[in-house]
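*Asks:* This is the structure I want to talk about, given as structure tokens.
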Amino acid sequence: MTIESIISGAVAKAIKELYGAEIDAASIVPQATRKEFEGNLTIVVFPFLKASHKSPEATATQIGDWLLANEPAVAKFNVVKGFLNISINPAFWLDMLHEIAEDPHYGIQEPTEDSELVMVEYSSPNTNKPLHLGHVRNNLLGYSLSRILQANGKKVVKTNIVNDRGIHICKSMLAWQKWGNGATPESAGKKGDHLIGDFYVEFDKHYKAEVAELMEKENLTKEEAEAKSPLMLEAREMLRKWEAGDEEVRNLWKTMNGWVYEGFDETYKKMGVDFDKIYYESDTYLEGKDLVLGGIEKGIMYRKDDGSVWADLTPDGLDHKLLLRADGTSVYMTQDIGTAKLRYQDYPIDKMIYVVGNEQNYHFQVLSLLLDKLGFKWGKDLTHFSYGMVELPEGKMKSREGTVVDADDLMQQMIDSARETSAERFADMPAEEAAEVSRMVGLGALKYFLLKVDPKKNMLFNPKESIDFNGNTGPFLQYTYARIQSVIRRAGGVDMDSKPASEPNEKEATLIQKVADFPTVVKEAGRTYSPALIANYCYDLAKEYNQFYHDYSILKEEDEQKRRLRLLLSAVVARTLKEGVALLGMEMPERM
């Protein structure tokens, strides 16, 4: 039990005994006492005045007296108007430290056979381009959320839907046919996803030039020129051939997508994310088409004169949604309907979470409605984990124009920056170890910076700021952990089952309380789907420890019991930091 739950329960008992009123302990939420007042936790007594029929000061004093007499965890109290400030008994914190030390996975709840099964979809790349900075935030959020849910005792299936068909890949394929000269990843000396991305950019360059020429020569509007563009018409014809099963088009598609998958796998491995199941749009869109066509018979969808299929969602406060184009080709919504059906066939899912940017909020409103109308009872229960966009100081990114920040380049840049910034720190390390620590620090800086921000907010990613060893950064947490490991090595190790008898001082008690908060933070991060809560908790814990480290001697402390207490406290802080950042997908170097 946390100290907060202990005090909440005791206050509820006090109110019942003193005033005869039943109050749910869960509704009593102790807050950290403000620094200018004495105490560890504060209870606001104003909600209890109706039961006490006394002034705020008198009510707080009566409850404080009851706690002092009946709850061993309470050492003393003071009252400031309607605020009851409670000081916790140092002996309680010592017992709490022993309890935490004895639990190697304190704060982490393991799933059981009966646990809820949650499927988390993230990444969702297109096979016409490599992963970029936006994908990095998506992957890190999805992977971190999966780990946080697992730490809350959920069974989790990490899944990816690869958008491997459609007009986007046809553009890259057509550009390769026209201007590729038979290039392969090997002949070009490039990762496959980068090579295909180059051809996507090449298509867009020629397409724009073609549209501009049509506008000038034939005096057409931009929309008219785009509709008449021979290059775009060829791409659409290729898509129709693909859906018709044309052997030549399909073989080229398999070859080029194979190059991309090899590239994606390399990027995912470097990023430190993985999946339990990968779905492909080429396998799921037909399921979606069948469901949509069946929806016409049920009166849920309708067909226009041009052959296109739509859903009328105006009764639900939305608009008409296209599901099949006039030429019979499907849209993303069709694919998502089919994928949802297959997933629920494959797994007994209790909860489905889609990690997708906030520009797709409307899409998931529609998907939820359509699945429900098609008779899938889980349609209304799907969750869209909507997050904000990430930009660089230079501005927005555009894949068609080749101005995206490539994920591979970004990760390598972060690793290189870590190596340059830490050259002096790593001077005494073997080259191989220095390279590995640089990798951990560079990727840790990237992951922490992207995850410490509330997922719902748009954010600006500044690589230089993220690699700083001071302040709210990943390297600061890693350095704090490495510092503690250095202390422990010099002490000859720490016995986690030891029970030092020295009662903690105020600073040590504050640090123990901070560690004791970890399970509550993990639970809240799982409830709110917020890796940022974990990230900022770890920062606060590291900051608190560094202040303690600055103020008190550890290895040079002459009192053996105090030295043992501080070593044990240092060890549980290090372990908690490591467990915490692991939920963000970060690694901790043993020395820096």
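*Asks:* Can you check what the Kirkwood hydrodynamic radius comes to for the stretch 508-572, Cα pairs only, in Å to one decimal? Before the final figure, lay out the partial values.
*Replies:* On the way: mean 1/r = 0.0773 Å⁻¹.
Evaluated over the stretch 508-572, this radius sits at 12.9 Å.
*Asks:* How big is the stretch 284-357 on each of its three principal axes, counting only the C-alpha atoms and giving the largest first in Å?
*Replies:* So the extents along the principal axes, rounded to whole Å, are 39, 28, 26.
*Asks:* Additional query: Return one number: the angle in degrees, 0 to 90 and rounded to the nearest 10, between the long axis of the Cα atoms of helix 281-297 and the longest principal axis of the Cα atoms of the chain.
*Replies:* Roughly 80 degrees between the two axes.
*Asks:* Another question about this same structure. Find, among the trypsin sites (Lys or Arg not before Pro) in the stretch 333-384, those assigned to loop by DSSP (not H, G, I, E, B) with at most 14 other beta-carbon atoms within 10 angstrom.
*Replies:* Working: sites: LYS341, ARG343, LYS351, LYS373, LYS377, LYS380; in loops: LYS377.
Sparse-neighbourhood loop trypsin sites (Lys or Arg not before Pro): LYS377.
*Asks:* Where does the stretch 262-314 land on Rg(C-alpha)/(2.2 N^0.38 Å)?
*Replies:* Values: Rg = 18.1 Å, N = 53, 2.2 N^0.38 = 9.9 Å.
Normalised Rg, Cα atoms only: 1.82.
*Asks:* Can I ask one more? State, in angstrom, two size descriptors of the stretch 168-245 derived from its alpha carbons: Rg to one decimal place and Dmax to the nearest whole number.
*Replies:* For the stretch 168-245, the Cα-based Rg and Dmax read 14.1, 44 Å.
*Asks:* Have a look at the stretch 310-393 and give its Rg and Dmax from the Cα atoms, expressed in angstrom.
*Replies:* Reported Rg and Dmax, both Å: 14.0, 46.
*Asks:* Charges on Cβ only, +1 for Lys and Arg, -1 for Asp and Glu, centred on the Cα centroid of the stretch 443-489; of PHE469, LEU443, MET459, which one is farthest towards the dipole's positive end?
*Replies:* Among PHE469, LEU443, MET459, the one farthest towards the positive end of the dipole of the stretch 443-489 is LEU443.
*Asks:* Now a separate question. Hey, if we sort ARG325, ARG303, ARG575, ARG490 by accessible area with the 1.4 Å probe, largest down, what's the order?
*Replies:* Values: ARG325 75, ARG303 130, ARG575 50, ARG490 150 Å².
Highest to lowest solvent-accessible surface, that is ARG490, ARG303, ARG325, ARG575.
*Asks:* Suppose accessible area is computed on protein heavy atoms with a 1.4 Å probe; arrange TYR268, TYR261 from highest to lowest. Intermediate values should be presented prior to the final figure.
*Replies:* Details: TYR268 15, TYR261 55 Å².
So, going from the largest accessible area down, we get TYR261, TYR268.
*Asks:* Reported to two decimal places, what Rg/Rh ratio describes the chain when computed on Cα atoms with Rh from the Kirkwood expression? Let's see the in-between values first.
*Replies:* Working: Rg = 29.3 Å, Rh = 27.7 Å.
When Rh is taken as the Kirkwood radius, the ratio is 1.06.
*Asks:* Using alpha carbons only, what's the Rg to Rh ratio of the stretch 445-485 with Rh from Kirkwood?
*Replies:* Value, to two decimals: 1.03.
*Asks:* Next up: When the dipole is taken about the Cα centre of the stretch 108-148, and only Lys, Arg (+1) and Asp, Glu (-1) are charged at their Cβ, what size is it in debye, to the nearest 20? If you can, show how the numbers build up before the last one.
*Replies:* On the way: 3 positive and 5 negative charges, 103 e Å.
Result for the stretch 108-148 is approximately 500 debye, rounded to the nearest 20.
*Asks:* Another question, if that's okay. When the accessible area of the chain is computed with all protein chains present and a 1.4 Å probe, what percentage of it is carbon and sulfur?
*Replies:* That share works out to 49 percent.
*Asks:* Right, something else. Using just the Cα positions, wrap the stretch 333-458 in a convex hull and report its mean projected area in square nanometres, one decimal place.
*Replies:* Working: hull surface 45.7 nm².
Over all viewing directions, the stretch 333-458 projects a mean Cα-hull area of 11.4 nm².
*Asks:* With a Förster radius of 56 Å, plug the Cβ-Cβ distance of GLU22 and ASN505 into 1/(1 + (r/R0)^6) and report the FRET value to the nearest 0.05. Don't jump to the answer; show the numbers that get you there.
*Replies:* Working: r = 39 Å, r/R0 = 0.69.
For R0 = 56 Å, the calculated efficiency reads 0.90.
*Asks:* Straight-line reach only, C-alpha to C-alpha below 15 angstrom: list the aspartates and glutamates that LYS457 could link to, leaving out same-chain residues fewer than 8 apart.
*Replies:* List returned: GLU359, GLU391.
*Asks:* Give me the accessible area of ILE337, 1.4 Å probe, in Å² rounded to the nearest 10.
*Replies:* For ILE337, the solvent-accessible surface is approximately 0 Å².
*Asks:* Continuing with this model, one more query. Considering every pair of different Cα atoms, what Kirkwood radius, in Å, is found for the stretch 291-330? The partial results should precede the final answer.
*Replies:* Numbers: mean 1/r = 0.0985 Å⁻¹.
In the stretch 291-330 this quantity evaluates to 10.2 Å.
*Asks:* Restricted to Cα positions, what overall size does the stretch 464-529 have along the principal axes? Three whole-Å values, descending.
*Replies:* Principal-axis extents of the stretch 464-529 (Cα, largest first): 42, 32, 22 Å.
*Asks:* Let me ask something additional. Can you compute the radius of gyration and Dmax for the stretch 235-298, using only the Cα atoms, both in Å?
*Replies:* 15.9, 48
*Asks:* Measure nothing fancy, just the Cα-based angle from helix 531-551's long axis to the longest principal axis of the chain, in degrees from 0 to 90, nearest 10.
*Replies:* Helix 531-551 and the main axis of the chain meet at about 40 degrees.
*Asks:* Work out how much length GLU223 to ALA75 would gain on full extension: take 0.36 nm times their residue separation and subtract the Cα-Cα distance, in nm to one decimal. Can you show the working numbers first?
*Replies:* Values: separation 148, 0.36 × 148 = 53.28 nm, distance 7.62 nm.
In short, 45.7 nm is gained.
*Asks:* Given the convex hull of the Cα atoms of the stretch 23-87, what is a quarter of its surface area in nm²?
*Replies:* Reported value for the Cα convex hull: 4.2 nm².
*Asks:* Can you quote the Å³ per residue value for the convex hull of the Cα atoms in the stretch 252-407, rounded to an integer?
*Replies:* Measuring per residue, one finds 168 Å³ for the Cα hull of the stretch 252-407.
*Asks:* Note the per residue figure in Å³ for the convex hull of the C-alpha positions in the stretch 155-199. Display every interim value, and only then the final one.
*Replies:* Working: hull volume 3.9 nm³, N = 45.
In the stretch 155-199, the Cα hull volume divided by residue count equals 87 Å³.
*Asks:* Here's something else I'd like to know. Based on the Cα gyration tensor of the stretch 1-124, what are the three equivalent ellipsoid semi-axes, each the root of five times an eigenvalue, rounded to whole Å and given largest first? Let's see the in-between values first.
*Replies:* Working: eigenvalues 216, 74, 43 Å².
Those come to 33, 19, 15 Å.
*Asks:* As a quick test, which of the pairs LYS129/LYS447; LYS452/LYS514; LYS269/LYS373 have an alpha carbon distance above 28 angstrom in this structure?
*Replies:* On the way: LYS129/LYS447 22 Å; LYS452/LYS514 18 Å; LYS269/LYS373 39 Å.
Exceeds cut-off: LYS269/LYS373.
*Asks:* List the extent of the Cα atoms of the stretch 221-329 along each of their three principal axes, largest first, rounded to whole Å.
*Replies:* That gives 47, 38, 30 Å along the principal axes, largest extent first.
*Asks:* Taking Cα centroids, how far is the stretch 184-205 from the stretch 416-447 in Å?
*Replies:* If you average the Cα positions of each part, the centres end up 31 Å apart.
*Asks:* Measure up LYS377/LYS578; LYS205/LYS289; LYS190/LYS464 against 30 Å on the Cα-Cα distance and list the ones that go over. Please list the in-between numbers first.
*Replies:* On the way: LYS377/LYS578 40 Å; LYS205/LYS289 33 Å; LYS190/LYS464 27 Å.
Correct reply: LYS377/LYS578; LYS205/LYS289.
*Asks:* What do you get for Rg/Rh over the stretch 473-592 if you use C-alpha atoms and the Kirkwood form of Rh? Don't skip to the end; give the middle numbers.
*Replies:* On the way: Rg = 14.2 Å, Rh = 14.7 Å.
Checking Rg against Rh, the ratio lands at 0.97.
*Asks:* Another question, then. Can you tell me the orientation of helix 167-179 relative to the chain, as the angle in degrees between its alpha-carbon axis and the longest Cα principal axis, to the nearest 10?
*Replies:* That helix lies at roughly 60 degrees to the long axis.
*Asks:* If you wrap a convex hull around the C-alpha atoms of the stretch 87-182 and split its volume per residue, what is the figure in Å³?
*Replies:* Details: hull volume 18.3 nm³, N = 96.
Taking only Cα atoms, the stretch 87-182 has a hull volume of 191 Å³ per residue.
*Asks:* In addition: Only bridges with both residues in the chain count here: give the DSSP antiparallel percent, nearest 5. Intermediate values should be presented prior to the final figure.
*Replies:* On the way: 22 of 44 bridges.
If we restrict to bridges inside the chain, about 50 percent are antiparallel.
*Asks:* Restricting to Cα pairs below 8 Å that are 6+ residues apart, what does the relative contact order work out to for the stretch 461-557? Please round to a whole percent.
*Replies:* Working: 40 pairs, mean separation 28.5, N = 97.
Result for the stretch 461-557 is 29 percent.
*Asks:* So what is the 222 nm mean residue ellipticity for the chain from helices alone, if each DSSP H run of at least 4 adds -39500 (n - 2.57) and you divide by all residues, rounding to the nearest 500 deg cm²/dmol?
*Replies:* Estimated from H runs of four or more residues: -18000 deg cm²/dmol.
*Asks:* According to the Kirkwood expression over distinct Cα-Cα pairs, how big is the hydrodynamic radius of the stretch 90-139, in Å? Intermediate results must be reported in sequence, preceding the final value.
*Replies:* Working: mean 1/r = 0.0642 Å⁻¹.
With all distinct Cα pairs of the stretch 90-139 included, I get 15.6 Å.
*Asks:* Follow-up. Taking a probe of 1.4 Å, how large is the accessible area per residue of the chain, in Å²?
*Replies:* Working: 26910 Å² over 592 residues.
About 45 Å² of surface per residue is accessible.
The values are calculated or read from the model by the stated rules, or taken from the named source; none is laboratory data. The structure displayed is predicted, hence computed values, not measured ones. Cβ atoms come from the backbone with ideal geometry, glycine included; neighbour counts cover every protein chain shown. Each accessible area value is taken on the protein alone, full model and side chains, heavy atoms only, with ligands, DNA and RNA left out. Shrake-Rupley method; radii C 1.70, N 1.55, O 1.52, S 1.80 Å.
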